[in-house]
1. Quick check on LEU70: is it modelled with pLDDT of 90 or more, touching a strand residue (DSSP E or B) at 6+ places or on another chain (Cβ under 7 Å) and either β-branched (Val, Ile, Thr) or not in a helix (DSSP H, G or I) (or both)?
2. Among the listed residues LEU21, LEU50, LEU31, LEU40, which satisfies the condition of being within 21 Å of ALA93 (Cβ to Cβ) and exposed (fewer than 13 other Cβ atoms within 10 Å of the Cβ)?
3. Residues in segment 81-91: is at least one in contact with a helix residue (DSSP H, G or I) (Cβ under 9 Å, 6 or more places away or on another chain), without any contact (Cβ under 8 Å) to a residue 40 or more places away in the chain and closer than 24 Å to GLY4 by Cα?
4. Looking at segment 38-55 only, could you name the residues that are of a type outside the set (Gly, Ala, Ser) and under 18 Å from ASP78 (Cβ atoms)?
5. Quick check on ARG47: is it among the charged types (D, E, K, R) and in contact with a strand residue (DSSP E or B) (Cβ under 6 Å, 6 or more places away or on another chain)?
6. Looking only at segment 73-88, filter to residues that are within 18 Å of the chain's Cα centre (by Cα) and in a loop (DSSP other than H, G, I, E, B); which one of those is surrounded by the fewest Cβ atoms within 10 Å (Cβ to Cβ)?
7. Please specify each residue of segment 21-67 satisfying the condition of being assigned to a loop (DSSP other than H, G, I, E, B), closer than 17 Å to ARG85 by Cβ and of a type in the set (Ser, Thr, Tyr).
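The values are calculated or read from the model by the stated rules, or taken from the named source; none is laboratory data. Here the structure is a predicted model, which is why all the values come from computation and not from measurement. Neighbour counts run over all protein chains shown; Cβ positions are idealised from the backbone, glycine included.
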Amino acid sequence: MAIGDLRKKLATNQSPQQPQLSWFREMARTLEYIHNQRLLVADIASRNFLFDSDLMIKFCKFSESSLLPLDANMDTVDDDGHMTRIDLEFLGAGI
């Protein structure tokens, strides 16, 4: 990606608050979409969010993810200790 990852962007560039809020909202919406596809991400960290040339933020690195059955209840699923709430906690804490 042209701009790099979120960790580097936040460390090297003091972006105005408004774009940052938009990025975080988009990250939450995208995680909701990913969960609706029955996928647990498992490796949510600022280094795993990339910016394209238009400063649109994208998830990357799904190598530790779990694809669950289509009938899985994402509110209660537990895949060897990994759950949707843990993805949400990592999203909040890892940024």
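1. no
2. Answer to the check: LEU21.
3. No, because not a single residue in segment 81-91 is in contact with a helix residue (DSSP H, G or I) (Cβ under 9 Å, 6 or more places away or on another chain), without any contact (Cβ under 8 Å) to a residue 40 or more places away in the chain and closer than 24 Å to GLY4 by Cα.
4. ARG38, LEU39, LEU40, VAL41, ASP43, ILE44
5. Criteria met by ARG47.
6. ASP75
7. Scanning segment 21-67 gives a single hit, SER65.
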